[in-house]
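Undergrad: Sending over a structure as structure tokens; questions will come in a sec.
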Amino acid sequence: MLVICTIITTALTYQTVIHHVVRNYLVIRWARVTSTMMELTACQLSLMILLFTPCFNCMFNRTRYQKQWYEKMRSDGMTARYGFDTETFSQQLRQQEHQQLSSTLVSNTSSV
């Protein structure tokens, strides 16, 4: 969040300085374009930073991230608020992992 705050503060500071330094801001094209590009870049970077961690963990560290997510929901009291039972999902996840592992072992032994 500190990185996002720094990016947004930089973009807003740049725009404020341009508005106060350049007298004919509306007429001068480079001032408008650079200000717009700074805002666009700041918004896109903020969005990418916010979405990167959950997407990366969901793609590459799915089970560990899911367990952390459930633990966080339990500690925040969200499971009771939404009527969401994480234990059921954890058990289903363990059963799926067990089935995948056993099917992998069966296929490996049958090919030998």
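Every number in this text was worked out from the coordinates using simple rules, so none of it is lab data. Fair warning: this is a prediction, and the values are worked out from it, not measured in the lab. Every residue, glycine as well, gets a Cβ built from its backbone with ideal geometry; the counts of neighbours run over all protein chains shown.
Undergrad: E71 to W30: extension gain in nm, 0.36 nm per residue of separation minus the Cα-Cα distance?
TA: 9.7 nm
Undergrad: Here's another thing I want to ask about it. Can you pull out the chymotrypsin sites (Phe, Trp or Tyr not before Pro) in the range 1-40 that DSSP calls coil and that have at most 14 other Cβ atoms within 10 Å? If you can, show how the numbers build up before the last one.
TA: Values: sites: Y14, Y25, W30; in loops: Y25.
Answer by residue number: Y25.
Undergrad: Next up: When you take every Cα atom in the range 1-64, what is the radius of gyration, and what is Dmax, the widest Cα pair distance, in Å?
TA: Considering the range 1-64 through its Cα atoms, Rg and Dmax are 16.6, 56 Å.
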